[in-house]
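Peer 1: Okay, here's the structure, questions in a sec.
The values are calculated or read from the model by the stated rules, or taken from the named source; none is laboratory data. If you're wondering where the values come from, they're calculated on a predicted model, not measured in any experiment. All Cβ positions, glycine included, derive from the backbone under ideal geometry; neighbour counts span all protein chains shown. Just so you know, the surface numbers come from the protein's heavy atoms only, side chains and all, with ligands and any DNA or RNA stripped out. Shrake-Rupley method; radii C 1.70, N 1.55, O 1.52, S 1.80 Å.
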Amino acid sequence: MKVRSPGGQVWRVSRRWVPWRRRLRGSLDAVPDLPGGLGDDPVSAIVGLVLLVLALPFLVLVLLAGLELLLLLLVLPVALLGRVLLGRHWTVEVRRGWAPWTEQPAGDWQASGVAVHELADRLRRGEVPEQTIGA
């Protein structure tokens, strides 16, 4: 649920569907644009190799983000089954914009829904919860 505080700050309050927070979100934004139009002469080949070496850390980061997404897709059905059928507890998280701000255990589906609405109402009134993530 997206809410706006009296100061104009955008907050997002939601249940976390998987047991962890994604760590590599937005990693594709860090990849630099490579210049196009490298020629076919030896100098262009050397420049291309240098650019490839410089881009290698970003390519590894993109590979890791893809592996994390694959793991998420593999674990998601099991996590949902555990939460819905076995009554696993939900975690409610508050994000300032997209940056994680705080999280708290909230109980079953109904209790977590109530917690989401209570936190959203508090944020609308300007009551900001204590930052517990990234502090």
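Peer 1: To the nearest 10 square angstrom, what accessible area does I46 show with a 1.4 Å probe?
Peer 2: We get 110 Å² for I46.
Peer 1: Please work out, to two decimal places, the log10 of the ratio I(q)/I(0) at q = 0.12, 0.21, 0.28 Å⁻¹ from a Debye calculation in which every Cα of region 63-135 carries one identical scatterer.
Peer 2: Once normalised to I(0) and log-transformed, intensities are -0.45, -1.02, -1.15.
Peer 1: Length gain on complete extension for the stretch H117 to V50, per 0.36 nm per residue less the alpha carbon to alpha carbon distance? Numbers along the way, then the final one.
Peer 2: Details: separation 67, 0.36 × 67 = 24.12 nm, distance 5.23 nm.
This chain segment gains 18.9 nm when fully extended.
Peer 1: Sticking with this structure for a sec: Tell me the volume per residue, in Å³, of the convex hull enclosing the alpha carbons of region 37-78.
Peer 2: 68
Peer 1: Suppose R0 equals 22 Å; then what is the FRET efficiency for W17 and Q110 from their Cβ-Cβ distance, rounded to the nearest 0.05?
Peer 2: Rounded to the nearest 0.05, the efficiency is 0.85.
Peer 1: Turning to a different aspect of this structure: Given points 7 Å out from each Cα along the Cα-Cβ axis, report the R88 to L59 separation in nanometres with one decimal.
Peer 2: Each label point lies 7 Å from its Cα, and together they span 3.6 nm.
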